[in-house]
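See below for the structure under consideration.
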Amino acid sequence: MIALVNRLFPEIITEPEGEQSKREVLLIFLSALALYCVFFLMKKLHIEPASGISELAYFIVPAFVISSFSRVRFRPAIYAATFVICVFYSFGWVSGFLLIGALILPLVLVVSPTPWNFKVALMLTYFALLFVLRVELVYVPRFALIVPFAASILMFRIILLLYELRFGKLNPNFWLNLAYLFSFPNLSFLFAPVFDYLSFTKSIGARGRQHIFNRALWFLVLGLILLLSYKLVYAHSFSVHEVKNISTLFFFLFSGYMTVLKVTGTIMLSVGFITAFGFNLPAPFGNFLLAPSFSEYWRRVNIYWRMFLMKVVYYPVYFSIRKKSNYAFLISLFLAFLFSWFFHAYQRFWISGAWPHAINDLLFWIILGALVSLTATPSEPAYISDFGNVPFWKSVKMAAGVVIVNLTMAILWFFWKSEGISEFMYVMNSGLSLQSTSPFLYALGLFFISLSLLDFVVRKSKLSNIFTEPYPVLSGLFIGLLLILSFQNPATGNRFLAAVLLPTTLSAQDRERADQGYYESILNAGNHWELSIKTPRRFDALDKVTIRTNDLLSLRFAQNAVASINDYTIATNSFGIRDKEYSFEKPDSVFRIALLGTSYEMGAGVNNKDVFESITEEKLNKNLKRPVEILNFSMGGYTPVHQLEMLRTKAIQYQPDAVLLFAHTDELRRFTGFFARYIKNGVDLKYEFLKEIKQKSGVKQHQSEMEIKKRLTPYIHEILYWSYSEISKTCKQNGIRATLIFLPTTSDILSESKIEEVRIPAEKADLDFFVLENVYRGISAEKISIGPSDPHPNKQGHFLIADAFYKLLANPENKLLDK
Amino acid sequence: MEKEQLAAEVKLYIALHVFHNRVPADFDEDTPLVSTRLLDSIVTLNMITHFENMLGIEFRAHEVSVENLDTVRIFTNFLLQKMQP
């Protein structure tokens with residue numbers, strides 16, 4: 001038995017491992033407590049809630065304890081087993097097995113006794129298969145779920161495994177190789193760091209267990225602080241529309257640039273969790289925000305990424321051309337940056353499914369590469385060794401460098417993330433139209449002087465590079481402070497406390513985007529559950545009452561289904577609509593309306609009885625002599641094509657006297673988005689007209705959604721008009737009056753042009769057209785919408801809509817209830 | 001070349017090109033150089049070229065790694081290994 005265990009789990013380290021002393025046992029439990037506190041703080045302070053990692057604490061913390069008590073040779077297996085448990089918990093049995101299989105297969109191929117070239121060919125074939133599944137050339141739902149995760153784990157690690165294999169450096173220990181792929185932080189953070197294979201496999205047991213855990217805890221604490229800092233900056237971030245002068249431009253650029261805190265924080269957390277299991281990984285970052293030159297910035301900003309590029313691009317290129325060219329250094333550096341662009345795009349492709357092709361993406365890397373090349377000289381002194389007896393002017397020089405580097409990086413960052421070069425130029429021009437520069441210059445001057453002094457003090461006191469050494473007492477102190485902070489009352493009116501303690505609310509800029517794209521938040525529910533570790537409850541529960549179909553409806557309600565979502569309930573009737581029961585045959589005396597709408601009319605976020613359709617129906621029946629039935633055929637995300645399909649396949653069977661069609665702001669843009677989803681999902685477009693549009697626009701299923709949208713945009717007016725015409729035609733053929741009602745969204749600043757976008761095609765299609773004007777009576781969006789990140793109307797919002805809707809229907813001049 | 005002599009050459013090179021002659025008191029043959037980012041890529045490549053020319057050896061790209069360069073002792077041993085026929 002022992003022999004079998006020894007064979008299965010061979011020794012990894014040569015040093016003898018003694019029994020743990022009482023002090024060490026106590027330290028392990030204290031470490032487990034500290035680790036649990038990290039998870040607790042993440043949950044309590046709403047740090048990266050979408051990652052779902054705090055839900056895995058109940059597996060990770062006990063696994064950490066087991067790992068800490070076990071001998072080093074068992075630790076990689078325990079680490080890999082933790083991953084497996086987390087996979088099954090997060091994905092279920094079937095998808096879990098598929099994901100594990102998708103990771104084991106390439107590992108088995110890599111370690112198999114076949115020639116290296118053959119392995120490379122096999123890996124390329126394997127990635128080609130993943131590519132087919134990722135772009136959904138072949139759509140298999142379960143694979144669509146697991147491929148982003150498998151690819152995010154394999155995309156760089158397979159390259160590194162093959163690289164080391166080429167030079168005979170692959171570790172023979174199976175469990176170490178497995179642990180290299182089976183890394184649980186990857187399940188929560190798809191943009192997990194590219195940690196080096198050799199650094200990983202050689203790191204275990206390299207130093208004392210407690211020393212390694214102290215480092216892990218320090219990384220985790222730094223990760224928490226960075227992410228909380230990002231929360232704070234994000235809560236006060238500027239919108240692009242607020243840029244009016246140099247000060248607002250500066251704050252806009254700065255708040256955007258501070259996304260690096262989020263990236264750094266999540267990578268710190270990932271590395272912290274891995275290190276906690278005994279893998280003594282190097283620090284992923286230096287204090288790059290204090291880098292005095294671009295080359296120093298590049299050295300510190302993402303050390304793992306830089307190591308990866310050096311290994312697979314820079315050194316191989318340099319050594320192959322150094323005897324042929326005097327510019328070998330510059331050529332290899334330039335190629336390293338070019339590949340940095342390529343690998344970033346490659347990474348984004350596997351995670352998002354679309355290849356980013358904006359020119360500013362490529363230009364960003366070229367400009368950064370040029371800046372690094374210009375400042376990277378062999379004569380540059382080793383800055384971090386430059387302690388002790390240094391003159392003050394060096395600190396002044398360093399502060400000037402820091403200011404220049406960070407200002408440039410903030411501008412470059414915006415250039416990288418902007419929609420295009422024209423947007424970048426527009427915003428920069430708006431900000432640089434110098435009106436009042438003095439507050440900005442004073443602030444910059446103050447920062448510069450403070451930094452010079454700080455640098456001087458830090459150098460004198462030798463407190464540099466805080467990321468490299470562990471400080472267990474300081475870690476404990478920070479955890480204690482954060483715990484105290486987490487129990488504070490956020491409702492004191494203190495903006496700082498609210499920003500830190502409450503869930504992140506959308507920034508001004510993102511709120512604008514959310515208002516524009518609130519439909520997408522529903523439509524992209526599929527993406528949500530594909531890409532987050534735990535399905536958000538709302539979408540999870542929606543799946544219980546809805547049926548996804550690969551036809552023009554895409555989504556419909558199940559019959560007689562009930563689901564509680566957060567604090568409201570959705571109940572459907574025997575017709576499969578969110579409404580009360582009606583008789584199939586319409587009673588003679590009844591005026592029956594078929595209401596075709598989207599998430600607003602469906603009542604996303606409120607109970608059945610609070611949906612404005614339901615309130616209006618009740619009010620009409622109370623106040624009018626004639627009974628009225630409003631059958632609600634609405635569904636979140638529906639566009640006029642869905643409404644047409646719902647009318648023809650379902651609503652018409654219930655013999656309505658009138659059809660009320662609802663439209664909202666930004667109808668065309670979201671229409672484009674949903675039509676693109678038809679193409680991506682390979683839906684049969686059914687109607688000749690739609691098939692012709694597909695052919696004329698040249699859209700294909702394998703194209704990115706962005707490309708499809710772009711190609712469809714010129715045709716979208718035609719599609720909208722066609723949909724309205726078909727609805728109108730169907731209604732006329734059945735003697736039904738069809739009306740289109742424009743309902744503004746809760747945060748609309750209504751303009752005539754937005755209404756015209758819908759009114760013109762509707763009237764041309766012979767639909768009656770009404771606008772529910774001033775429906776919200778000037779009440780602010782936050783009081784009548786579900787929440788800061790969900791602009792759907794709340795109970796009060798629905799009450800207001802119901803009132804306006806009732807008035808519209810009850811007004812005899814409108815003749816909406818006339819047969 | 002003897003091991004001690006070679007180690008002294010490596011130390012001297014690092015003292016001149018990494019520390020610019022202001023060598024910290026605690027610098028010794030086991031001070032990590034790559035993992036602490038004291039040795040950047042340019043200095044590393046220059047150092048490799050210097051010792052290639054001095055010892056008549058040739059490095060390959062995959063040999064430029066922490067495991068061969070991290071300390072004076074490790075680098076010296078690696079150079080000696082490369083010098084063996």
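For segment A:15-33, a residue qualifies if it is surrounded by fewer than 21 Cβ atoms within 10 Å (Cβ to Cβ) and assigned to a helix (DSSP H, G or I), and the qualifying residues are A:Lys22, A:Arg23, A:Glu24, A:Val25, A:Leu26, A:Leu27, A:Ile28, A:Phe29, A:Leu30, A:Ala32, A:Leu33.
If A:Leu190 satisfies all but one of (1) modelled with pLDDT under 90; (2) surrounded by fewer than 19 Cβ atoms within 10 Å (Cβ to Cβ); (3) away from chain B (no Cβ under 14 Å), what's the number of the condition it fails? Every listed condition holds for A:Leu190 apart from (2). Looking across segment A:18-53, the residues that are of a type in the set (Gly, Ala, Ser), within 30 Å of the chain's Cα centre (by Cα) and at pLDDT 90 or above come down to A:Ala32, A:Ala34.
Does A:Lys202 satisfy the criteria of being surrounded by fewer than 24 Cβ atoms within 10 Å (Cβ to Cβ), among the charged types (D, E, K, R) and in contact with an Asp or Glu (Cβ under 8 Å, 6 or more places away or on another chain)? So A:Lys202 passes the test. Within segment A:201-211, can one find any residue that is among the hydrophobic types (A, V, I, L, M, F, W, C) and part of a helix (DSSP H, G or I)? No. With the requirement that a residue be part of a helix (DSSP H, G or I) and within 14 Å of chain B (Cβ to nearest Cβ), what does segment A:162-181 give you? Selection gives A:Leu162, A:Tyr163, A:Glu164, A:Leu165, A:Arg166. Output the number of residues of segment A:302-346 satisfying the condition of being touching a residue at least 24 places away in the same chain (Cβ under 8 Å) and more than 9 Å from chain B (Cβ to nearest Cβ). Total satisfying the criteria: 17. Being closer than 20 Å to A:Phe167 by Cβ and either free of Cβ contacts under 8 Å to residues at least 60 places away in the same chain or part of a loop (DSSP other than H, G, I, E, B) (or both) is a description that does not apply to B:Ile42. Residues in segment A:1-17 that are among the polar types (S, T, N, Q) and modelled with pLDDT of 80 or more: A:Asn6 only.
Suppose the filter is in a helix (DSSP H, G or I) and either surrounded by 22 or more Cβ atoms within 10 Å (Cβ to Cβ) or touching a Ser or Thr at 6+ places or on another chain (Cβ under 7 Å) (or both); does A:Ser270 pass it?
Taking the combined requirement at face value, the residue satisfies it.
Restricting attention to segment B:46-72 and to residues that are under 14 Å from A:Arg322 (Cα atoms) and not in a helix (DSSP H, G or I), the residue that is farthest from the other protein chains (Cβ to nearest Cβ) turns out to be B:Glu58.
Of all residues in segment B:3-33, none satisfies the criterion of being closer than 26 Å to A:Ile321 by Cβ, more than 9 Å from chain A (Cβ to nearest Cβ) and either more than 10 Å from the chain's Cα centre (by Cα) or surrounded by fewer than 16 Cβ atoms within 10 Å (Cβ to Cβ) (or both).
How many of the residues making up segment A:353-386 are at pLDDT below 65 and surrounded by fewer than 17 Cβ atoms within 10 Å (Cβ to Cβ)? Selection size over segment A:353-386: 5. Scoring A:Leu253 on the criteria (1) among the hydrophobic types (A, V, I, L, M, F, W, C); (2) farther than 16 Å from A:Met409 by Cα; (3) in contact (Cβ under 8 Å) with a residue 60 or more places away in the chain leaves a single failure, condition (2).
Selection of strands (runs of 3 or more DSSP E) fully inside segment A:731-792 by the criterion of at least 3 residues being under 15 Å from A:Leu808 (Cα atoms) returns A:737-742, A:768-771. Looking at segment A:108-119, can you tell me whether even one residue there is of a type in the set (Lys, Arg), surrounded by fewer than 16 Cβ atoms within 10 Å (Cβ to Cβ) and either within 14 Å of chain B (Cβ to nearest Cβ) or over 26 Å from the mean Cα position of the chain (by Cα) (or both)? Looking for residues that are of a type in the set (Lys, Arg), surrounded by fewer than 16 Cβ atoms within 10 Å (Cβ to Cβ) and either within 14 Å of chain B (Cβ to nearest Cβ) or over 26 Å from the mean Cα position of the chain (by Cα) (or both), one finds none in segment A:108-119, hence no. Scanning for something within 14 Å of another protein chain (Cβ to nearest Cβ) and surrounded by fewer than 19 Cβ atoms within 10 Å (Cβ to Cβ), does segment A:149-156 turn up at least one residue? Taking every residue of segment A:149-156 in turn, none turns out to be within 14 Å of another protein chain (Cβ to nearest Cβ) and surrounded by fewer than 19 Cβ atoms within 10 Å (Cβ to Cβ). Which of the residues that make up segment A:786-796 are more than 15 Å from A:Thr598 (Cβ to Cβ) and at pLDDT 90 or above? Hits for segment A:786-796 are A:Asn794, A:Lys795, A:Gln796.
Could you tell me whether B:Phe75 is away from chain A (no Cβ under 14 Å) and within 24 Å of A:Leu333 (Cβ to Cβ)?
Against the criterion (away from chain A (no Cβ under 14 Å) and within 24 Å of A:Leu333 (Cβ to Cβ)), B:Phe75 qualifies.
Against the numbered list (1) part of a loop (DSSP other than H, G, I, E, B); (2) surrounded by 12 or more Cβ atoms within 10 Å (Cβ to Cβ); (3) modelled with pLDDT under 70, A:Gln488 comes up short only at (3).
The values are calculated or read from the model by the stated rules, or taken from the named source; none is laboratory data. Keep in mind that this is a model prediction, so the values were computed, not measured. All Cβ positions, even for glycine, are placed from backbone atoms using ideal geometry, and neighbour counts span all protein chains on display.
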